[in-house]
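Beneath this line is the structure, given in structure tokens, with notes to follow.
The values are calculated or read from the model by the stated rules, or taken from the named source; none is laboratory data. Given the structure is predicted, the values throughout are model-derived calculations rather than measurements. Ideal geometry is used to build each Cβ from the backbone, glycine not excepted, and the neighbour counts take in all protein chains shown.
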Amino acid sequence: MDLPRVNEPRRSRLRADGGDEGFDVAREIFEQEDTIFANESLLEIDHVPSADRIVGRDDEIRMLAEELRSAVNGHSPENVIIYGKTGTGKSLVSRHVTSRAKELAKDGVSIGTAYVDCSTHSTETQAVSTLARHYNEPNVTQLRVPETGLSTAAYYERLWTVLDLQYDVVIIILDEADLMTDDSILMKLSRAGESGSTSCRIGVIAISNKIEWADDLNERVKSSLQPKEMAFQPYDATQLERIMENRTDAFQSGVLTSDVIPLCAAFAAQDFGDARKAIDILRHSGNLAYKQDAEQVTETHVREARTEAEKDRFKELIEGVPQQAKAVLLALSILTNNSAQEEFATQLVYRQYSNICKTIELDTLSERRFRDILKEQAFLGLIDIQKENRGRSGGINLLNRLVEDSEIVYEILIDDNRFTELDDNLDQRRVQDW
Ligand SMILES: Nc1ncnc2c1ncn2[C@@H]1O[C@H](COP(=O)(O)OP(=O)(O)OP(=O)(O)O)[C@@H](O)[C@H]1O
Ligand SMILES: [Mg+2]
């Protein structure tokens, strides 16, 4: 089936006379009834699902709750480091468990929770100033915490005062903690009690994608933090399906065909069990169905949404890649598109590349320089290079394979002005035709 392109506008429903003059196009769009989504916000990136929508993480919730249990009674919680690949529920579970601890604190125990995104607050000063401002309630403390302008030490002073005046225990989530420029804040937070800075008990949950991060921490930080470590495993397709099933009320009833969620789950399971990706593909599929005026979201929309997502990702990856390297990638994509095999010997790729260069009058690099480019692209993760031992006949052959889908690579590269002229005659031709 031929589907319109994603950015093609939705067909007009209201305009019966076909006339354009004075027609309020914006109004038409804004007032249109949404036949696909009932509550799209359930699928938005920053949506935090309620407890009953969290699926397949009971063990992790239980383990984290165990580590934080003392907090509920007004004592020091354990410090925890959580690892796991992207989209495995680390942030979600941490936020959920800390907010439950706060809600379920025993009578007379006051718990304060905080969430710091270290990708945007990556210096010690930014993080401590964020914490001090977050916790400070000026009418209780009679203190003001300016956004900037104080020294790091002064922010700490305010933070300790604010905590002493307001809380028995605080639990601080440092998300993307590996992006902090150094580990000073971990050091100060973990030693605050011992050094007499504050009588408030402090627990830290540090989250990282990188498993080796904790090993790299300064020994002194490790010894005062004494963290408990937890690893979150990627979701499998069944868990991803259940996560999405729990949000189907984002759609109007009867709009999702039965194969949509399993297919989104299968794609996301292939992509490292990332729940964010699964939900993202589902939302994009719905948007495509809406734009195309379809009555239902179908498997075709899912496939198209996936392709669009891959294209966006690949576009980002090759932004800034020099023209010559693009020609190399293009050569490999053409070979792959026109053959049953996926791996190609360097010389064959070089021939294809040379032909491209001749056709568009781009300088043809020497084979040696060409090999360097292949290696660079392998380093960037765009190409995979394997050695093939040619046995007795001698020598080692290098086989090059595109990591990304070759059709997508081709489509993105051919959009580049320099290559567009190739499109008509190039993609139909096999390498031996050159
Ligand atoms: N078990 C789950 N149940 C329901 N939704 C989930 C679950 N796990 C993850 N999600 C959803 O998937 C998305 C990604 O989850 P989350 O942000 O917790 O991942 P993460 O492990 O912190 O990823 P990253 O390392 O990229 O920050 C969120 O929108 C979240 O709501
Ligand atoms: Mg996260």
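Residues that are crowded, with 20+ Cβ neighbours inside 10 Å, at pLDDT 95 or above and either within 10 Å of ligand 2 (Cβ to nearest atom) or within 18 Å of residue 51 (Cβ to Cβ) (or both) within region 72-87 comprise just one, 82.
Filter region 255-291 for residues that are modelled with pLDDT of 95 or more and not in a helix (DSSP H, G or I); which is surrounded by the fewest Cβ atoms within 10 Å (Cβ to Cβ)? Going through the qualifying residues, I end up with 258. Got at least one residue in region 242-250 being within 16 Å of ligand 2 (Cβ to nearest atom), outside any helix (DSSP H, G or I) and at pLDDT below 95? For region 242-250, residues within 16 Å of ligand 2 (Cβ to nearest atom), outside any helix (DSSP H, G or I) and at pLDDT below 95: absent. When the residues of region 186-216 are filtered to those that are of a type in the set (S, T, N, Q) and within 16 Å of ligand 2 (Cβ to nearest atom), the one that is farthest from residue 112 (Cα to Cα) is 209. What about residue 35, is it part of a loop (DSSP other than H, G, I, E, B) and within 14 Å of ligand 2 (Cβ to nearest atom)? When the stated conditions are applied, residue 35 does not pass them.
What about residue 305, is it touching a Ser or Thr at 6+ places or on another chain (Cβ under 6 Å) and either modelled with pLDDT of 90 or more or surrounded by fewer than 17 Cβ atoms within 10 Å (Cβ to Cβ) (or both)? For residue 305, the condition - touching a Ser or Thr at 6+ places or on another chain (Cβ under 6 Å) and either modelled with pLDDT of 90 or more or surrounded by fewer than 17 Cβ atoms within 10 Å (Cβ to Cβ) (or both) - is met.
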